[in-house]
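What follows is a single structure, written as structure tokens, with notes after it.
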Amino acid sequence: MSGHSKWASIKHKKGAADAKRGKVFTRLIKELTVAARAGGGDPDMNPRLRTIIADAKAQNMPADNIKRAIRRGTGEEPGVSYEEAQYEAYGPGGAALIIDILTDNKNRSVGEIRHVLTKHGGNLAETNAVAWMFTKLGYIVISKDKAKEDALMAAVLDAGADDLRDDDDNWEVLSPPDAFQAVLEAVKALGIEPDAAEISMIPQNYVKLEGKPAQQMIKLMEALDDQDDVQHVWSNFNIEEKEIEASLA
């Protein structure tokens, strides 16, 4: 499996999605606010906002929360002003990391991220040190028991996807970012609810981690995921199933 979907698998097994619903809502509220500020509050005219609204609904966020976040972004309601930033880093075993944040205090956020990295065997990197290893793509994950390959491939390629990959138990659909929404709608038109769907940073190659570096990497990803200002973390690590099981023990 890819490092990207592997981390999604780890989080699922640990029950992180349910345990951190408050964290999920906080992340989505920030994203809704920033998207509305950047592109306006009409989702029909703002594809980024439309995608985040769909994510929020999938997480069962109340409609009033969604509306208030959008109104804060358009200035119709008072609220905190957030800045976007992206940091690059190295983790245990030389794995590369891209960390996206939304924050009201960049100095505080970078200090917290640096502390977490150092504690778990990583360090911040210079700008463009690892970004070149990743490609920004639409990324959709579908369990194989939800879709037949031929029908899925025909639908997503017609909608603008670049590739359909076999990732053991899942199908991975990759698309240009500007085709992501159309591809996602094509998947849902088949009656399929994806296991994951986002604009993502996909690694060009993967670093296999074993033993202590693998365990350290899992702990690092968890610690970054726990940071309030961290929105997304992408990495190019790849670990075996036994390492996940060891981390769960």
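For E210 paired with T74, estimate the spin-label separation in nm (one decimal), with each label point 7 Å from Cα along the Cα-to-Cβ line.
It works out to 5.6 nm between the two label points.
List the pairs from K106/K219; K57/K106; K119/K219; K148/K188 whose alpha-carbon separation is above 20 Å, in the order I gave them. Before the final figure, lay out the partial values.
Working: K106/K219 24 Å; K57/K106 29 Å; K119/K219 10 Å; K148/K188 14 Å.
Violating the 20 Å limit, Cα to Cα: K106/K219; K57/K106.
Using alpha carbons only, what's the Rg to Rh ratio of region 165-217 with Rh from Kirkwood? Don't skip to the end; give the middle numbers.
Values: Rg = 14.8 Å, Rh = 13.6 Å.
That ratio is 1.09, to two decimals.
Would you kindly derive the ³J(HN,Hα) couplings of region 49-59 from the backbone phi angles with the Karplus curve 6.51 cos²θ - 1.76 cosθ + 1.60 (θ = phi - 60°), listing them in order in whole Hz, with x for Gly and Pro?
5, 4, 5, 5, 4, 4, 4, 5, 5, 5, 8
P(r) tail for region 109-181, what percent of Cα pairs lie past 15 Å? All intermediate terms of the calculation are to be shown ahead of the outcome.
Numbers: 1721 of 2628 pairs.
Everything past 15 Å amounts to 65 percent.
Under a crude label model (7 Å from the Cα following the beta-carbon direction), how far is K23 from K146 in nanometres?
Using points 7 Å along Cα→Cβ, the separation is 2.2 nm.
Round to the nearest 10 and report in Å² the accessible area of I29, as given by a 1.4 Å probe over the protein chains' heavy atoms.
Answer for I29: close to 50 Å² accessible.
Can you give the extra length, in nm with one decimal, that the chain gains between T135 and A196 once fully stretched, where that is 0.36 nm per residue apart less the Cα-Cα distance? Mind showing how you got there, number by number?
Numbers: separation 61, 0.36 × 61 = 21.96 nm, distance 1.77 nm.
Separation in residues times 0.36 nm, less the Cα-Cα distance, equals 20.2 nm.
Take every Cα pair under 8 Å in the chain that's 6+ residues apart, average their separations, divide by the length, and report that relative contact order as a whole percent. All intermediate terms of the calculation are to be shown ahead of the outcome.
On the way: 395 pairs, mean separation 58.2, N = 249.
After rounding, I find 23 percent.
Pop the C-beta distance of D158 and M45 into the FRET formula with R0 = 22 Å and round what comes out to the nearest 0.05. Provide the component values of the computation, followed by the final result.
Details: r = 25 Å, r/R0 = 1.13.
In this case the efficiency is close to 0.35.
With every protein chain left in place and a probe of 1.4 Å, what is the accessible surface of D162, to the nearest 10 Å²?
Taking all protein chains as shown, D162 has close to 100 Å².
Give me a comma-separated list of calculated 3J(HN,Hα) values for region 114-131, in order, Karplus coefficients 6.51, -1.76, 1.60 applied at θ = phi - 60°, integers in Hz, x for any Gly or Pro.
These are the phi-based 3J(HN,Hα) values: 4, 4, 5, 4, 4, 5, 10, x, x, 7, 5, 10, 5, 4, 6, 5, 10, 4 Hz.
Might you work out the accessible area of S143 for me, using a 1.4 Å probe with all protein chains in place, and round it to the nearest 10 Å²?
20 Å²
What GluC sites (Glu not before Pro) in region 55-159 are in a loop by DSSP, with at most 11 other Cβ atoms within 10 Å of the Cβ?
Details: sites: E76, E83, E84, E88, E112, E126, E149; in loops: E76, E126.
Sites meeting the loop and neighbour criteria: E126.
Rg/Rh for region 151-249 to two decimals, with Rh computed the Kirkwood way over all alpha-carbon pairs. Walk me through the numbers on the way to the answer.
Working: Rg = 16.1 Å, Rh = 15.6 Å.
A ratio of 1.03.
Would you mind estimating how fast the chain diffuses translationally, via Stokes-Einstein at 20 °C and 1.002 mPa s with the Kirkwood radius over Cα pairs, in µm²/s?
Working: Rh = 18.9 Å.
After rounding, the answer is 113 µm²/s.
Using alpha carbon centroids, what distance separates region 24-62 and region 125-179, in Å?
Cα centroid of region 24-62 versus Cα centroid of region 125-179: 22 Å apart.
Which FRET efficiency value, to the nearest 0.05, do you get for A85 and K57 by plugging their Cβ-Cβ distance into 1/(1 + (r/R0)^6) with R0 = 30 Å? Intermediate results must be reported in sequence, preceding the final value.
On the way: r = 27 Å, r/R0 = 0.90.
Taking R0 as 30 Å, the efficiency between A85 and K57 is 0.65.
The values are calculated or read from the model by the stated rules, or taken from the named source; none is laboratory data. This structure is a prediction, so every number in the text was calculated from the model and none was measured. In this analysis, Cβ positions are derived from the backbone assuming ideal geometry, glycine residues included, and neighbour counts consider all displayed protein chains. What goes into the accessible areas is simple: the full protein's heavy atoms, side chains included, and nothing from ligands, DNA or RNA. Shrake-Rupley method; radii C 1.70, N 1.55, O 1.52, S 1.80 Å.
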